[in-house]
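The values are calculated or read from the model by the stated rules, or taken from the named source; none is laboratory data. Source: prediction; values computed, not measured. Every residue, glycine as well, gets a Cβ built from its backbone with ideal geometry; the counts of neighbours run over all protein chains shown.
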Amino acid sequence: MRQPHIELLRICAMLLVLIVHTAYYSMGVPTGEMIVWAPVEWTWITFVQSVSVISVNVFVLISGWFGIRPKVKSLVNFLFQVFFFLILSFAVMAALGKVPVSMDNIVKCITVIDALWFVNAYLLLYILSPALNALVEHSSRGTFKRVLIAFYMLQFVYGWTGLLSMYEGGYSTLSFIGLYLLARYFKVYQPKFTKYKQYTYILIYMLTAILLTIFGVVIAYLPVLCDHVSVVSWTLFAYNSPFVILEACAFFFIFEKMHLPLHFQRVIVWVSSSSFAVYLLHANPFALSVWYKPMVLGLYQMSDWVFLNEVCILAFVVGVFVVAIVIDRLRIVLWNIFWRKIERPISRVVEAVT
C-alpha cells in the first residue's frame, strides 16, 4: 500500500534529480579562479549540488524501506516505460536533427546499454532482491548488523576513495545493494537513528549540505589540487560518499516523520506513480547533453541578473517535471492496452518455467 508521505518523498527525489543536473553537471566543477571571480554564484551552485546530490540514494532507500517484491507485471511495466521514453526521445531528437540515426543509437534504444546507468544498476538490484530479502528475513539482527558494518567499512575505505573501481563512485548495483540493505535494517529493526524528532533530521540534512558546500569551495582553492579539482570534487559528491549517504538518510526520515492532510494524498500518489518518467525523459543520452544541459546554460547566461536566471532555471525544471508526468499518463494508457495483449501469453510462459 502506498504511503503518501513517502510518495511525496519520491516526487521530491525526482525534482532533486533535475536540480542536480543543473549544478556541476551543467555548470562544471568550480576552480579557485572561478570562485574568486564570482564567489557568491559558485558557492550557491556548490550548495545546490550539495542539497540535491542525494536524489539517487533516496530513491534506492525508498525501495529498501518497502522491500522489492518482484512481479512479472511490474518488471514488464518498468521495461515498457524505459523503452517508451528512450525510443520517444530518440525519435524526437532525430527528427529535429539533434542526434544522428545510427546503429549505435538504435542499439542504445533496444538494449539500454550506455543509455541509462541507473536502469541497468537498478534492474540487477531488482533481480537480486529476493536473495537480499532472504538475507534480511533469515539472519539475526547481530549478523545483519555486522554485514552492514563490514560492507560500509569496505565501501568507505576502498570504494569511496577509488581504490576499488567496482564501486564506480556509487554508480553501481553494488552500492545500491548497500543502500537497500541499510533501509531494510532501518525498517525491520528501527534503531535509534530512526526515532529522532523530525527537526533533528532537518538539522542533520542542512548541516551536512553546508559542510559539503564548504568542502567543495575549499577544495577548489587548494593549490596542491589545482590539476585534480574535478576528480576530488566528484569524489566528495560521489553517491557512495559517507556524507552523501548520511544526508540522504536524514532527508528520507524528514519525510518518514511527516503527516499530510488527507485532501493532498490522492494527488500526491497520482503524481508519484509517474515520477520515474522525469528521470527517463531528461537523463537519457538523447536528452541530457543534447537539450537539457544547453538549455540550463542558456538560461543561466540569459541576463546579468543572476537571481532572474536562477528563477528561469527553476521554472524550466518544474516545466520538465510536468511535461514528463503528462507524457507518462499517455504511456500508461498504451501500457494498459499492451498488457491486455500479452498478459495471457506471459502467464503461460511463467507457468511453464515455474
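Tell me whether region 98-110 contains one or more residues that are assigned to a helix (DSSP H, G or I), within 22 Å of the chain's Cα centre (by Cα) and surrounded by 18 or more Cβ atoms within 10 Å (Cβ to Cβ). Yes, there is a match, as at least one residue in region 98-110 is assigned to a helix (DSSP H, G or I), within 22 Å of the chain's Cα centre (by Cα) and surrounded by 18 or more Cβ atoms within 10 Å (Cβ to Cβ). Selection of helices (runs of 4 or more DSSP H) fully inside region 4-53 by the criterion of at least 3 residues being at pLDDT 95 or above, within 15 Å of the chain's Cα centre (by Cα) and not charged (D, E, K, R) returns 4-20, 39-52. Scanning region 295-337 for residues that are assigned to a helix (DSSP H, G or I), free of Cβ contacts under 8 Å to residues at least 60 places away in the same chain and aromatic (Phe, Trp, Tyr) gives Phe307, Phe316.
With respect to Pro130, determine if the residue is closer than 30 Å to Trp291 by Cβ and more than 19 Å from the chain's Cα centre (by Cα). Against the criterion (closer than 30 Å to Trp291 by Cβ and more than 19 Å from the chain's Cα centre (by Cα)), Pro130 does not qualify. Output the residue which, of all residues in region 198-226 that are surrounded by fewer than 19 Cβ atoms within 10 Å (Cβ to Cβ), modelled with pLDDT of 95 or more and not aliphatic (A, V, I, L, M), is nearest to Ile254 (Cα to Cα). That would be Gln198. What do you reckon, is Val269 over 14 Å from Leu179 (Cβ atoms) and either assigned to a loop (DSSP other than H, G, I, E, B) or modelled with pLDDT under 95 (or both)? For Val269, the condition - over 14 Å from Leu179 (Cβ atoms) and either assigned to a loop (DSSP other than H, G, I, E, B) or modelled with pLDDT under 95 (or both) - is met. Give just the number: which of (1) assigned to a loop (DSSP other than H, G, I, E, B); (2) among the small types (Gly, Ala, Ser); (3) more than 24 Å from Phe78 (Cβ to Cβ) does Ser274 not satisfy? Of (1) assigned to a loop (DSSP other than H, G, I, E, B); (2) among the small types (Gly, Ala, Ser); (3) more than 24 Å from Phe78 (Cβ to Cβ), only one is false for Ser274: (3).
Only one of the listed residues (Phe84, Phe59) is modelled with pLDDT of 95 or more, touching a Lys or Arg at 6+ places or on another chain (Cβ under 6 Å) and under 23 Å from Pro285 (Cβ atoms). That residue is Phe84.
Could you please let me know if Lys73 is surrounded by 15 or more Cβ atoms within 10 Å (Cβ to Cβ), assigned to a helix (DSSP H, G or I) and at pLDDT below 95? Here the answer is no, as Lys73 does not meet what is asked. Count of region 153-168 residues, restricted to those that are within 22 Å of the chain's Cα centre (by Cα), part of a helix (DSSP H, G or I) and of a type in the set (Phe, Trp, Tyr), is 2. Taking the condition hydroxyl-bearing (Ser, Thr, Tyr), over 28 Å from Ile68 (Cα atoms) and touching a residue at least 40 places away in the same chain (Cβ under 8 Å), does Tyr189 pass? Here the answer is no, as Tyr189 does not meet what is asked. For region 55-97, name all the residues that are more than 17 Å from the chain's Cα centre (by Cα) and of a type in the set (S, T, N, Q). The answer is Ser74, Asn77, Ser89. Answer yes if at least one residue in region 178-193 is among the β-branched types (Val, Ile, Thr), at pLDDT 90 or above and surrounded by fewer than 21 Cβ atoms within 10 Å (Cβ to Cβ), and no otherwise. Yes, the conditions are met somewhere in region 178-193. Taking the criterion of being of a type in the set (D, E, K, R) and more than 19 Å from the chain's Cα centre (by Cα), the residues of region 296-329 that qualify are Asp304, Glu310, Arg329.
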